[in-house]
Amino acid sequence: MSSHNEPITEQIDDPESGWTWFLSLASIIILIVTVVACTVLYYVFEDMEIEEKVIDVPAEEFTDLRDQQELLLDEYQTYSVIPMGGTPEDAESMIRIPVEKAMEILVAESRSDRADATQSEDSTELVLLDTSNGPSEGDRR
């Protein structure tokens, strides 16, 4: 019975301090690498989501406005323009025509102007002198 009441005089084994320091430092390094990796992944995915959901998606209002404007380019319409300082009774009526038709009209007008110019050149000879640099040596003689 005396053995049960006697104090333990032998030393309890403590872990070696070298292994304790090694495991502590390794755990801290693994923790830091994990935190840095998670942070990098978070910001990469955040940038991808912002680009996908904000930057790449056109604004719906602007898309609708663009569609309305493109429709206006393809149809005939009339509208009124009130001059500055005028009243609605002074409004002038204007016609809006499709862009393709306007381009065709301009091309036709330029061709007819060119044809008129060649016809007038045939009937009257027009001589132009360049006097912007003064008289040339050939003109002085």
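Every read-out reported here was derived from the displayed coordinates using simple, explicitly stated rules and does not represent laboratory data. All figures in this text were calculated on a predicted structure; none of them were measured in a lab. No Cβ is skipped: glycine too gets one built from the backbone with ideal geometry, and neighbour counts run over all protein chains shown.
Worth a mention:
- For Arg96, residues with placed amide H under 5 Å, excluding near neighbours: Gln77, Thr78, Tyr79
- Virtual spin-label span in nm between Asp67 and Ser93, 7 Å along Cα→Cβ: 3.2 nm
- Extension gain (nm, one decimal) between Glu16 and Ala102, 0.36 nm per residue minus Cα-Cα: 21.6 nm
- If you take all other residues with their beta carbon under 13 Å from the beta carbon of Ser110, and give Lys and Arg +1 and Asp and Glu -1, the sum is -2.
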